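The values are calculated or read from the model by the stated rules, or taken from the named source; none is laboratory data. On a predicted model such as this, the values are computed, not experimentally measured, just so you know. Virtual Cβ from ideal backbone geometry, glycine too; neighbours counted across all protein chains shown.
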Amino acid sequence: MRYDLIIFDWDGTVMDSIPRIVSSLQSTAAACRLKIPSMAEIHDIVGLSLPVAVQMLFDCHEEQEQQQIIAVYRDFYVEKDTTPSPLFAGAETVLQSLKAQGYQLAVATGKARPGLERAWLATNTGHYFSASRCAQEVPSKPDPAMLREILELTQVKAERALMIGDSIHDLNMAANAGVDSLGVTYGVHDAQRLQAAAPRHLINAITELPLWLQGTDALVTE
């Protein structure tokens, strides 16, 4: 195997949660009497830690105001918004297969720890992962700290790890950590945006991952 460790972003990569994030952030803006951001604007901040995302999305620089907005957003996302957030089709089968083949699996996510734990509980997938790092535990993507801590926890060298994500923040974080990356085109950023971050490869569905890991190059997205 070329890699010993496969690190997944969560939202937009493993879980189809982007529509719920968009809906909750737009509801938050309306509730806080802020300019309602477009879907494209929200896509550009998905994957960042919430304080950084709120600062960028709403031009909000005061910590107290950021925390108020974040509290409203979490209430919408966790309690009020009913937009489904399932795993992408075939995602659990891929996790099962990779684990059975001997890969270590990890998660590097812009979610806060309680959010990741809720997602794992809802999908019964936490047992697949040997390590994880979440927002507020380390600096926000694309800072490499998240990946460096996962590498230390799993005792895997950077050249033996692969980061998989749907945003340029994921891929730039991987580059900053000296880790190979693979982009998925079904999340927040399209193939052209992802290619600019120089991933090793792009896939159009998570079910393409095992085939690419086996050495197939026929799935490269133009």
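The table for this structure:
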quantity	calculated
Pairs where the first residue, in the stretch 178-190, is at pLDDT below 95 and of a type in the set (Asp, Glu) and the second is in a loop (DSSP other than H, G, I, E, B) and surrounded by 24 or more Cβ atoms within 10 Å (Cβ to Cβ), C-beta under 8 Å, 6+ apart	none
Selection count, the stretch 21-45, where residues are surrounded by fewer than 19 Cβ atoms within 10 Å (Cβ to Cβ) and either in contact with a Leu (Cβ under 6 Å, 6 or more places away or on another chain) or touching a residue at least 40 places away in the same chain (Cβ under 8 Å) (or both)	4
Thr216 out of contact with any Pro (no Cβ under 9 Å at 6 or more places or on another chain) and modelled with pLDDT of 95 or more	no
From Thr13, Thr82, residue being in a loop (DSSP other than H, G, I, E, B) and buried (at least 18 other Cβ atoms within 10 Å of the Cβ)	Thr13
Number of positions in the stretch 169-197 that are closer than 21 Å to Pro19 by Cα and in contact with a strand residue (DSSP E or B) (Cβ under 8 Å, 6 or more places away or on another chain)	8
Residue within the stretch 39-62 that is in the same structural domain as Gly187 (by TED's automatic domain parsing), in contact with a Gly (Cβ under 8 Å, 6 or more places away or on another chain), among the small types (Gly, Ala, Ser) and within 21 Å of Ser167 (Cβ to Cβ) present	no
Residue ID - farthest from Leu182 (Cα to Cα), chosen from residues in the stretch 90-111 that are polar (S, T, N, Q), outside any helix (DSSP H, G or I) and more than 15 Å from the chain's Cα centre (by Cα)	Gln101
Test for Lys99: is it touching a residue at least 24 places away in the same chain (Cβ under 8 Å), surrounded by fewer than 20 Cβ atoms within 10 Å (Cβ to Cβ), among the charged types (D, E, K, R) and closer than 25 Å to Arg160 by Cβ	yes
Residues located in the stretch 113-143, provided they are part of a strand (DSSP E or B), at pLDDT below 95 and over 15 Å from Tyr77 (Cβ atoms)	none
Residue that is among the small types (Gly, Ala, Ser), under 28 Å from Ile150 (Cα atoms) and touching an Asp or Glu at 6+ places or on another chain (Cβ under 9 Å), where the choices are Ala100, Ala106, Ala89	Ala89
